[in-house]
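Taking it in order: structure first as structure tokens, then the write-up.
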Amino acid sequence: MLSDIPALLYLVVGLLSGAVSTAVMTLTEIPSWKRWGLHGVFEWHENQVITRRLFKLPNENNNIHFKGIFFFHFVNGVFAGIAFPFIVAFFFTRIIDSFTSLLLLGTLYGFVLWIITLVPIHKPITGFSPFNHPSGRAPALASLGGHIAYGVVLGFMIFAFMSNYI
């Protein structure tokens with residue numbers, strides 16, 4: 001049962017799963033970046049602005065600060081990945097009994113992360129509304145798709161690591 005697993009194992013599994021899920025999400029965002037540029041990948045755009053402000057970097061020639069973008073992207077993804085097995089164990093233990101249920105919970109988690117961490121903060125950080133974006137609604141759908149991919153991979157990995165305890 002998931003509640004019998006030591007907290008350290010949750011931490012390690014969440015960290016690894018969050019890193020892999022973030023890598024997959026990042027791969028899904030590359031086509032958006034190629035099509036719409038930095039503004040078309042909401043998370044990258046936010047991380048670019050945060051990196052520039054935090055480290056007081058100049059915005060000369062619209063340089064993209066990939067180190068900062070991906071650093072913050074992976075920090076956020078890993079922290080969300082660490083939280084997921086704890087959330088599952090404490091709130092959903094009774095309904096987690098299969099691969100399908102963890103995939104569905106992971107998908108829901110990706111959607112919830114998109115709603116609570118992206119939608120309310122994107123415009124205040126970047127000045128662009130996610131739903132009234134200069135590039136249309138496609139970047140918002142691409143961002144949602146990336147979060148869903150993150151959640152599916154996260155659910156799959158948590159199941160793979162924890163299947164002996166379910």
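All of the numbers you see were taken from the coordinates with simple rules; none came from a lab. On a predicted model such as this, the values are computed, not experimentally measured, just so you know. With ideal geometry, Cβ positions are generated from the backbone for all residues, glycine too; neighbour counts draw on all protein chains shown.
Show me the ranking of peptides 124-135, 141-152, 76-87 by mean Cβ neighbours inside 10 Å, starting with the highest.
141-152, 76-87, 124-135
Which FRET efficiency value, to the nearest 0.05, is calculated for Arg52 and Arg137 with the Förster distance at 30 angstrom and r the Cβ-Cβ distance?
It comes out at approximately 0.70.
With a 10 Å radius around each residue's Cβ, average the other Cβ atoms per peptide and rank 15-28, 110-123, highest first.
Top to bottom by mean Cβ count within 10 Å: 15-28, 110-123.
Throw me the Rg/Rh for the chain, computed over C-alpha atoms with Kirkwood Rh, two decimals.
Ratio of gyration radius to Kirkwood radius for the chain: 1.02.
What is region 2-162's relative contact order, in percent, from Cα pairs under 8 angstrom and six or more apart in sequence?
Relative contact order of region 2-162: 38 percent.
For a quick check of your reading of the filter: which trypsin sites (Lys or Arg not before Pro) in region 19-60 sit in a DSSP loop and have no more than 15 other Cβ atoms within 10 Å?
When the trypsin sites (Lys or Arg not before Pro) of region 19-60 are filtered for loop state and at most 15 Cβ neighbours within 10 Å, Lys56 remain.
Calculate how steeply helix 7-36 sits against the longest principal axis of the alpha-carbon atoms of the chain, using the helix alpha-carbon long axis, and give the answer as 0 to 90 degrees to the nearest 10.
Computed tilt is about 30 degrees.
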